[in-house]
Amino acid sequence: MGIPNRICPQCGNPLAPSEMYCSNCGTRYMESAEIDPTQRASSSNQGQGPANPSPTPMEPTQYAGSSSSSPYGSSLYSNTAYGSGGQSFSPPPPPNASYTPPYGGVPDVHGQQSPMQPPPGGFVQPPQARKGPNIGLIIGVVVLLLVLVGGGIGIYSFAKSRGSTTNAPTPTPAATQKVATPVPTQAALFSDNFADNSKGWGLASASGYSGTISNNVMTLADANHKILDMAIPTNTSYSDFEVTTTLTLLKADSNDSAGLYFRGDSNLGQGYFVDIYGDNTYDIVKIFPDSTKDTFLVSPTNSPSINAVGQQNKLAVVAKGSKIVVLINDKVVSSISDNGGYTSGTIELFVENGKSSNGAQASFSSVAVYPAPNQLPG
């Protein structure tokens, strides 16, 4: 009888006569596992046990310790996580192998475990690869945050720029603080910036009072506890008009004032006074030939629109019919009607020294008269 065919009991790969391990799956070939077919049959007939139809499946050899060695030298897997602790494993069967070996191996062969028994210490799970942060997700979140923040800033910037336009609602100021600068639409009836006295103002100076023009201002001063007035030199009686002047109280207490006198006469026997006092108050007074009848149309009233002594104030009066509107620094501080009042007269600048100080002084840097506007301010 010739040498029997040597076939790997694990994968069926033919083995060379001297080959002890399957070159395909690494299973050790054991001579004792081979039986002559005729002997297998006779043994079965003699009642020595049932015939084994196929060789016992063999698992890749597991070596009990580091002292065992493989004829192939060091294992290819000895430096991996699967070969740590001096333990080596034979290469697994190829992916296309139809047979899946059971756990364990051939009992009592080179220290292998019994079939279906876990190795000492239990089955060792291979280490799981640590998952790193999802860089793509992080970048996406950062970009989204930047878009949201940038959009909020843009919205905020846009809302803010809209707040500075005329589209934004403007709070309605108090009745005495309305911002309403009259804008003349016609040429001035009279104007002067006091570069000189070419307009012909009736300047005069004497004991206790003086009126001068220099350095582009007209300065009026009185220390006689009286009114020093300067009529606009046009010999014109103004009926409906708008008059504006820029003045500065240089010296004044709460009873000293400066301002405009209009619809009056040369004797100060009729008309209206608008005073700005040294204590940041103003009033409107209607006078009569009999001074005992002089009446406050607006009593002395404090106004935050008035700048303090030494600072410039812009005073404007619009008179149209019975309506009188007073503006200080472009804000409406009073709007009244005087039915049956004066309808025309002179326009004058004045300073008044009251009873409580030793003198009052004011300077005027400009004055202009325009026709009354079609619509009253405020």
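The values are calculated or read from the model by the stated rules, or taken from the named source; none is laboratory data. It should be emphasised that the depicted structure is a prediction, and the values quoted were computed from it without experimental measurement. A quick note on method: Cβ atoms are made from the backbone with ideal geometry, for glycine too, and the neighbour counts reach across all protein chains shown. Surface areas here come from the heavy atoms of the whole protein model, side chains and all, with no ligands, DNA or RNA. Shrake-Rupley method; radii C 1.70, N 1.55, O 1.52, S 1.80 Å.
Just wondering, is there one or more residues in segment 169-184 that are modelled with pLDDT of 55 or more and on the phi < 0 side of the Ramachandran plot? So far as segment 169-184 goes, yes, one or more of its residues are modelled with pLDDT of 55 or more and on the phi < 0 side of the Ramachandran plot. Within segment 341-356, being touching a Lys or Arg at 6+ places or on another chain (Cβ under 8 Å) and not in a strand (DSSP E or B) holds for Gly341, Tyr342, Thr343, Ser344, Asn353. Looking across segment 300-318, just one residue is touching an Asp or Glu at 6+ places or on another chain (Cβ under 6 Å) and without any contact (Cβ under 8 Å) to a residue 60 or more places away in the chain, and that is Pro300. Apart from one condition, Gly202 fits all of (1) open to solvent by 60 Å² or more (accessible area, probe 1.4 Å); (2) assigned to a loop (DSSP other than H, G, I, E, B); (3) more than 15 Å from Glu352 (Cβ to Cβ); (4) not hydrophobic (A, V, I, L, M, F, W, C); the exception is (1). Candidates in segment 301-340 are the residues that are of a type in the set (Gly, Ala, Ser) and assigned to a strand (DSSP E or B); of these, the one that is most open to solvent (accessible area, probe 1.4 Å) is Ser335.
Cβ separations smaller than 7 Å between residues 6+ apart or across chains give the following pairs from segment 251-275 residues that are without any contact (Cβ under 8 Å) to a residue 60 or more places away in the chain to residues that are not in a strand (DSSP E or B): Gly269/Pro289.
Based on this model, can you work out whether Glu352 counts as in contact with a Ser or Thr (Cβ under 6 Å, 6 or more places away or on another chain) and crowded, with 17+ Cβ neighbours inside 10 Å? In short, yes.
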